[in-house]
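Coordinate-derived values only; no laboratory data. Just so you know, these numbers come straight off a predicted model, no measurement behind them. Note that each Cβ is placed from the backbone with ideal geometry, even for glycine, and that neighbours are counted across all protein chains shown.
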């Protein structure tokens, strides 16, 4: 496959990609409700380019192809030509647009320059969801094997690999990691806190981004500390423990299969709710699609750990040392949980309680700027210079203006991207952390969790 980037993989050879693209497009339109949106968008004036001012990629690159409505037109043009009566008639009477291999290569390249943050939708006068169009185009291309290799490899290990998770962590390694963190609680905080495994009938089944088990120990320890202090009923399942869902970035078919893994594990352990850790896309995937694929009202409710922590704090079930974080703190809103207005105030309530110097980025909340690695692009290491130099440029400027020491980013993908953004833009004084990393520093542990020397002596 040609193009400026070398991060795509074709899973099989296709003699007639345009025809197969159209066949796939037709099947998806027949068996989904995407056609309703496309029919509306295709009939709407959608090239006013007001979205350009909202797009962090276009603001940095200045390329017309990065204007969201121009990118969406790539797919809408195909829809009008091949899937509307007017397009079919026009093609018979006059010369018309024809889908080619070169056009598909261009589409694949430009669709993955978009981070699917949906900020452009907030400024579109017609309410066109360019992120939705990007996702649909990626899904059709994926069925032809035109998809970044990093996404394919991760999802394949999650759904078909021996470990069943995107980081290829075997269960024995999971148990060793959690045992080590329990020792860290004893050694560093003097408290006996455990990570419950395979507990039947718990209230919450906990799914963090599985990468947290490898590289975010303080986030996990903060999560466990909150649950222990509040007496929460929770468990981690060894049958399936990965909250990551890269299907959200490129394929509804993969998205639904991964959601079913979460639902099946909840049913196996008979938990009443699903709790997602600090991961933006894992949270949105579960919140939006567990009801879709899990039986609607009968599906287990989905809660984010930040919702639980905030509620416990406001109800007085969680005690923290007020203003104990003395360094300046700022907060990055992950697009997947903030754009809809779902998780905006909760993390700020927590930060304002524990931080003596909290400052906001401008803009923030529903109008925040993407970290630059959204839409799965953060997993493609080959395009780091693009991700941090172009897609992450606006975010780097935001961070610099805050003068913050701690940059709180409650999302595994955002953390990776923002650490690279800070490194590549010389923001060496900034430390990217999870929200519960700071909660762990500020939490007040009750006496019943503290290590008792006498009991230790007896056990020896």
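Annotations for the structure displayed:
- Taking the stretch 1-148 and dividing mean pair separation by its residue count, relative contact order in percent (alpha carbons under 8 Å, at least six apart): 37
- Summarising the label geometry, the points placed 7 Å from Cα in the beta-carbon direction at residue 129 and residue 197 lie 4.0 nm from one another.
- Helix 393-402 and the longest principal axis of the Cα set of the chain meet at an angle near 30°.
- When Rg and the Kirkwood radius Rh are both evaluated on Cα atoms of the stretch 6-124, their ratio Rg/Rh stands at 0.97.
- Length released on extending from residue 102 to residue 50, taking residue separation times 0.36 nm less the Cα-Cα span: 15.9 nm
- Each of 370, 124 was scored by other Cβ atoms within 10 Å of its Cβ. Arranged with the fewest first, they read 124, 370.
- Dimensionless Rg/Rh of the stretch 159-275 - Kirkwood Rh, Rg from C-alpha atoms: 0.97
- The chain - Rg (one decimal) and Dmax (whole number), Cα, Å: 23.3, 92
- Residues 303, 390 arranged by fewest to most Cβ contacts within 10 Å: 303, 390
- The angle between the Cα long axis of helix 101-111 and the longest principal axis of the Cα atoms of the chain comes to about 30 degrees, rounded to the nearest 10.
- Cα→Cβ-extended label distance, 7 Å offset, between residue 400 and residue 267, nm: 5.3
- 0 to 90° range, to nearest 10: angle between helix 130-142 axis and the chain longest Cα axis: 80
- Here the residues 437, 424, ranked from fewest to most Cβ neighbours within 10 Å of their Cβ, fall in the order 424, 437.
- Computed label-point distance, nm, for sites residue 342 and residue 322 using a 7 Å Cα→Cβ extension: 3.3
- Overall Cα dimensions of the stretch 171-442 - principal axes, largest extent first, Å: 48, 46, 33
- Length added when fully stretched, residue 366-residue 24, from 0.36 nm per residue minus Cα-Cα: 119.7 nm
- Residue separation of residue 159 and residue 85 scaled by 0.36 nm, minus their Cα-Cα distance, works out to 22.7 nm of gained length.
- Taking the DSSP beta bridges with both ends in the chain, the antiparallel portion is around 15 percent.
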